[in-house]
Amino acid sequence: MSKRQLAMVMDLNKCIGCQTCTVACKTQWTNRNGREYMYWNNVETYPGEGYPKKWMELGGGFDAAGDLKEGVIPNIEADYGVPWDFSYDEIATFNFRENNPAAAFHADSTPTWGPNWDEDEGAGNFPSDNYFFYLPRICNHCTNPGCLSACPRDAIFKRDEDGVVLVDLDRCQGYRYCIAGCPYKKIYFNSKISKSEKCILCFPRIEQGLPPACAQQCVGRIRFVGFLDDVEGQVYKLVHKYKVALPLRSDYGTQPNVYYIPPTEAPAKFDAQGKIIEGSQRVPMQELETLFGKAVHGAIKTIKAEKDKRAKTGESELMDLLIAYHHEDMFRLDANYYQDVAKAKGVTNPLAPIDNRYAKGKFTNEIHFKAHA
Amino acid sequence: MKTIIKSLIIAGLATAAYAKTPASATAENLINAQRVSNINVANISPSDSIWRNAKSVSVVLYPQTTIKLNDAKANTANKDNKAITAQVSAVYNNSAVAFKISWSDPTQSVQSGNVSDVYPDGFAMQVPVSFSDPKKLPYIGMGSEGRPVLVHLTKATNVHYEPNGNGDVEHQVSPHNKNAFGADLANYKDKVNKLGKNAYTRAFISEGFRSMTELKDESDKFGMKMTYDAKNKRWTGVVAKQLRDSAADLSKYGALPVSFAIWDGSKYNRGGVKSLSTWLAVKLQGKAGGDALVKELTAKPQGDAKAGQAQVEAMCASCHTLSPAKQAASPFMAPSLNNIGGYSTNAYLAESIKDPNAVVVAGYNRNAHKGFAWYNVDAKTGKRTSTMPPMMSDDKSINDAVAYLKTLKAEVAK
């Protein structure tokens, strides 16, 4: 357990599945260097197969006795989806006068599966009781991480300063037990460097007081970021004060630190004549209980009560929080805190990460990154 | 063409020579290293002429079953593993020692391209950084505290442009992330391909599995190569190591302890799931010294295995799994002794029964099974203390127990 813990709250009532977070993450971190197939942030349709396919059935996490459970490592073609590329070279050299231009621009592989292959399909029968909602997922930066526990080399560590879980790329030798151990399948194998990689909670941004790219770019403003011990922060209030933000699949025993406001409002079902069935609920509570545990009943009750209160009295702190008026309230990060940590550690470079195990180990040559060689 | 025929004849002669000296003619766990004139450490190859007169012996590698890891597919695929017999030969000269190891593997597994669940075949050679007492060699599972080992590893991977140990990450960038077209792009791809090294070949220093750390400062001067014979379905690997470099000085010894490990990619083998040999004595022929080591590693256990069995079953079996038929209450309770007789030395077993704290390897992720502490760690000193109490103290009981424990090992595959 770390001294402090950063957490994220995602309000599922406001997620519109636009994938802006996914794109922000991809362009920031995963569009290169063997990470092309990875989505450190993804938004999947629930119910659905998820990413990677059927991740909830692939094992990992802990049993009731606290023993790490066996897991399965997903396959790129069948479970993640192979990212395809277009034939840019052919376009550059293509003779458009003599040939049909359409033939030149083709994908270099024929995909059979990929993230969001089943987007917006959901479950139930249209139009009477079909339903779905979006489930954005990043690494949960767990308090008791399955990946960290599975690693036989101590290559995964949890930062004391903020609980961010990182792979020490110097120690990692690509055994992939971490992938089997993570019940969320949010750690990936990079075959180009034969090492595991995962969401880093944009720690270089966080250390400068900026929220992770996925949260910053979210157009629905569904993501709150802050320290769990910051009682003035919105994250603390949503998780601890109002208890409306709940961890995903806490039954896996890893104590995840990404919390979700469960879907509260869904249209009623229709009867055979297409008429509204009063008081019915399209999203089955059983499904929500599977995802968020029994506490989901209380959370939904609280949100509905506060909503009514706001409608009647015009006042509700919880509703104000969920409306998310200002980024500065939603993202309670503190560059000064990290600067103090850096100072205490004797790191003098204000731009250096507070913890350089991620990039550079004891026996690693210094790496200088040049964007254009 | 001439050279091909010539080498075929030589290969034929060599095979005939093996047939005349069956492995049983030499002592178990003993490899005689022939003196040769020149060993090309950096570019060692199975086709080098140094191997011409080297005699090979059979070495048995047993499945690693001490720790049960958490990959469901790997656990199923390796459940009933048998031991593998490899053919090992050795040569040496004043500055280097080299080994050739060949083993049967019906499936050639090469890690190549964009994959998440494919594992390469591979092999490794381990030597202690130093050793004085042949009874106190490093723990076979990658050394132990105060008894470090050097591990040399190569895996069957295709050329891929990653840092490859060069630290050259700028050339990893996907071509589409470069503002380059036409000839520029071709040049870029050329450069990237040139940077790609052939194999995943690495050296590590280790005081127990968890502590294993890659040596990237080139202090360990070694070379490795492995080639697959598709017709006979066999891998042949070679490894050469300088006897004296800044990682270790092995030049003073007349005999060396070495051990080998083999990975079968088709069975999801990688760190933690592999086959390994016990410490083998490598006698440098014609060089004085090392007799005590040879004697220790080739000695048969002295005790009465039957008497030992009764003791071990009474005193150890509640925590330790002894065989697939004699399982402990939980697979996470204590290290499994399934194959302990295959890869442990007599001296290590005796030492650990008498003083469980002599060797406490950080070989196990304590966070994975919080209910089963194999050892406690002093928060201040980091010193590990085994949770196993000393079990026996009189030499007779210990020798008997060792004799029995040495029988605990998987059957050897035909």
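The values are calculated or read from the model by the stated rules, or taken from the named source; none is laboratory data. All values derive from a computational prediction rather than experimental measurement. Cβ coordinates were reconstructed from backbone atoms using ideal geometry, including for glycine residues, and neighbour counts include every protein chain displayed. With ligands, DNA and RNA removed, areas are computed over all heavy atoms of the protein, side chains included. Shrake-Rupley method; radii C 1.70, N 1.55, O 1.52, S 1.80 Å.
Probe radius 1.4 Å, ligands and nucleic acids left out: which of B:145, A:98 has the largest accessible area, and how do the rest follow?
The residues order as A:98, B:145, largest area first.
Any idea what Rg and Dmax come out to for region A:72-162 if you just take the C-alpha atoms, in Å?
21.9, 64
Taking Cα atoms of the protein assembly as shown, Rg/Rh with Kirkwood Rh, to two decimals?
We get a ratio of 1.02 for the protein assembly as shown.
Distance from the Cα centre of region A:137-188 to that of region B:63-103, in angstrom?
28
Using only the alpha carbons, work out the radius of gyration and Dmax of region A:1-143 in angstrom.
When restricted to the Cα atoms of region A:1-143, Rg and Dmax are 19.6, 70 Å.
Rank A:143, A:22, A:112 by mean-square fluctuation in a GNM of chain A with C-alpha springs under 10 angstrom and give only the top-ranked residue.
Highest fluctuation of the listed residues: A:112.
Using only the alpha-carbon atoms, what does chain B span along each of its principal axes? Please give whole angstrom values in decreasing order.
Computed over chain B, the largest-to-smallest principal extents equal 75, 52, 40 Å.
Top to bottom by accessible area (1.4 Å), largest first, where do B:241, B:409, B:191 land?
B:191, B:409, B:241
Would you mind computing Rg(Cα) / (2.2 N^0.38 Å) for region B:305-405, counting N as its residues?
1.08
Using alpha carbon coordinates only, what is the Rg to Rh ratio of region A:141-200, with Rh defined as the Kirkwood radius?
On the Cα set of region A:141-200, Rg over Rh gives 0.92.
Which percent, to the nearest 5, of DSSP beta bridges fully inside chain B are antiparallel?
Just about 90 percent of them are antiparallel.
Just to verify a number: what accessible area does residue A:93 come out at with the full protein assembly present, 1.4 Å probe, Å² rounded to tens?
Roll a 1.4 Å probe over it and residue A:93 shows about 120 Å².
Full-extension gain between residue B:217 and residue B:323, please, as 0.36 nm times their residue separation minus the C-alpha to C-alpha distance.
Residue separation times 0.36 nm, minus the Cα-Cα distance, leaves 34.0 nm.
In the Gaussian network model of chain A, springs joining C-alpha atoms below 10 Å, which of A:92, A:123, A:335 carries the largest mean-square fluctuation?
Looking only at A:92, A:123, A:335, the largest GNM fluctuation is found for A:92.
Could you tell me the accessible area of residue A:49 in Å² (1.4 Å probe, neighbours in place), rounded to the nearest ten?
The accessible area comes out at roughly 60 Å².
Which order do B:234, A:153 take by accessible area at a 1.4 Å probe, largest first?
These residues rank, largest area first, as B:234, A:153.
Run through region B:26-128 and list the trypsin sites (Lys or Arg not before Pro) located in a DSSP loop whose Cβ has at most 15 other Cβ atoms within 10 Å.
In loop regions of region B:26-128 (DSSP not H, G, I, E or B), the sparsely surrounded trypsin sites (Lys or Arg not before Pro) are B:52, B:79, B:82.
As a test question: what accessible area, to the nearest 10 Å², does residue A:249 have when a 1.4 Å probe is rolled over all protein chains in place?
Spelled out: residue A:249, probe radius 1.4 Å, area about 30 Å².
May I ask for the equivalent-ellipsoid semi-axes of chain A, computed as the square root of five times each C-alpha gyration tensor eigenvalue and listed largest first in whole Å?
Listed largest to smallest, the semi-axes of chain A are 34, 30, 21 Å.
To the nearest 0.05, how large is the calculated FRET efficiency for residue B:412 and residue A:160 if R₀ is 60 Å and r is the Cβ-Cβ distance?
0.75
At 7 Å along the Cα-to-beta-carbon direction for both residue A:210 and residue B:231, put a label point, then send me their distance in nm to one decimal.
6.1
Please identify every one of the GluC sites (Glu not before Pro) in region B:197-300 that sits in a loop by DSSP and has no more than 14 other beta carbons within 10 Å of its own beta carbon.
Taking region B:197-300 and a limit of 14 other Cβ atoms within 10 Å, the loop GluC sites (Glu not before Pro) found are B:218.
Kirkwood hydrodynamic radius, region B:38-152, all distinct C-alpha pairs: what's the number in Å?
Answer for region B:38-152: a Kirkwood hydrodynamic radius of 17.3 Å.
Once you sort the root eigenvalues of the Cα gyration tensor of region A:192-342 as a ≥ b ≥ c, which label holds: rounded (a/c under 1.5), prolate (a/b larger than b/c) or oblate (the other case)?
Prolate, because a/c is 1.5 or more and a/b exceeds b/c.
Suppose only helical runs count, i.e. DSSP H with n ≥ 4. What mean residue ellipticity at 222 nm does that imply for chain A under -39500 (n - 2.57) per run, divided by all residues and rounded to the nearest 500 deg cm²/dmol?
Result for chain A, helices only: -5500 deg cm²/dmol.
Within region A:43-70, which residues have the backbone N less than 20 Å from the label spot 7 Å out from residue A:119 along Cα→beta-carbon, could you tell me?
Residues A:43-55 qualify, since their backbone N sits under 20 Å from the label point.
Modelling each spin label as a point 7 Å along the Cα-to-Cβ direction, I'd like the residue A:4/residue B:133 distance in nm, to one decimal.
5.0
Could you work out, residue by residue across A:164-171, how many beta carbons of other chains sit within 10 Å of that residue's beta carbon, and then give the average as an integer?
Per residue, the average neighbour count from other chains is 1.
Run the simple label-point estimate for residue B:30 and residue B:251 please: 7 Å along Cα→C-beta, distance reported in nm.
For the pair residue B:30/residue B:251, the computed spacing is 2.8 nm.
Any idea what the alpha-carbon Rg over 2.2 N^0.38 Å comes to for region B:57-115?
Compactness ratio reported: 1.55.
Please work out the Cα center distance from region B:354-376 to region A:54-88, rounded to the nearest Å.
29
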